[in-house]
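Colleague: One structure follows; several queries about it will come next.
The values are calculated or read from the model by the stated rules, or taken from the named source; none is laboratory data. These numbers were taken from a predicted model, which means no experiment stands behind them. Methodologically, a virtual Cβ is constructed for each residue, glycine included, from the backbone with ideal geometry; neighbour enumeration extends over all protein chains shown. Ligands, DNA and RNA are stripped out before the accessible areas are found, and what is left, the full protein with its side chains, is counted by its heavy atoms. Shrake-Rupley method; radii C 1.70, N 1.55, O 1.52, S 1.80 Å.
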Amino acid sequence: MTEVEALQAALAGEHAALYGIGVAGGKLSGARFRSATDAYEQHRLNRDRLSQLVVAAGETPAAAEPAYDLPQAVTNAATAAALILLIERRLAAVYGDLVESAEKPAVRSFAVNGLLANAGDQLTWGGAPVAFPGAV
């Protein structure tokens, strides 16, 4: 996978994450809603940075889909948290690919920071620590 392909994959992942977290947030309240709002904002910033990196590479950023099929129904706070955990796990794999494919130090640094954030966010949403987050 080239660096640009990995950037586009991460961008597509962030688009999907924003959609999923938006859906999940509707079933959360209190501290969990605030955590989801913080996650949404961080993923929005990541999406914007990835778009900038793709443009800097001379390519057109992947566009968001109008809607995404969710891997599970979101009917309550528990299923909302489970969805966000799944999103963070999937994004960790995408950022792991970006770490591996990155050629520029700035891209690699961004990818490593994204992977670390995903690993931490997994703990926030009920995941267990793993030795190599993002490794499939």
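Colleague: Could you look through the range 24-51, keep only residues that are among the hydrophobic types (A, V, I, L, M, F, W, C) and buried (at least 18 other Cβ atoms within 10 Å of the Cβ), and pick out the one that is nearest to SER109 (Cα to Cα)?
Modeller: Ranking the qualifying residues of the range 24-51, first place goes to LEU50.
Colleague: Follow-up. Can you tell me which residues in the range 13-23 are touching a helix residue (DSSP H, G or I) at 6+ places or on another chain (Cβ under 8 Å) and either open to solvent by 50 Å² or more (accessible area, probe 1.4 Å) or in contact (Cβ under 8 Å) with a residue 24 or more places away in the chain (or both)?
Modeller: GLY13, GLU14, HIS15, ALA16, ALA17, LEU18, GLY20, ILE21, VAL23
Colleague: Going by the structure shown, is ALA73 out of contact with any Asp or Glu (no Cβ under 8 Å at 6 or more places or on another chain), open to solvent by 20 Å² or more (accessible area, probe 1.4 Å) and more than 18 Å from ALA17 (Cα to Cα)?
Modeller: Judged against the criteria, ALA73 is not a match.
Colleague: Condition check: of a type in the set (Val, Ile, Thr), within 16 Å of the chain's Cα centre (by Cα), farther than 14 Å from ALA17 by Cα and open to solvent by less than 40 Å² (accessible area, probe 1.4 Å). Does VAL107 satisfy that?
Modeller: Here the answer is yes, as VAL107 does meet what is asked.
Colleague: What tally of residues in the range 110-136 results from selecting those that are surrounded by fewer than 22 Cβ atoms within 10 Å (Cβ to Cβ) and either touching a His at 6+ places or on another chain (Cβ under 6 Å) or on the phi > 0 side of the Ramachandran plot (or both)?
Modeller: 1
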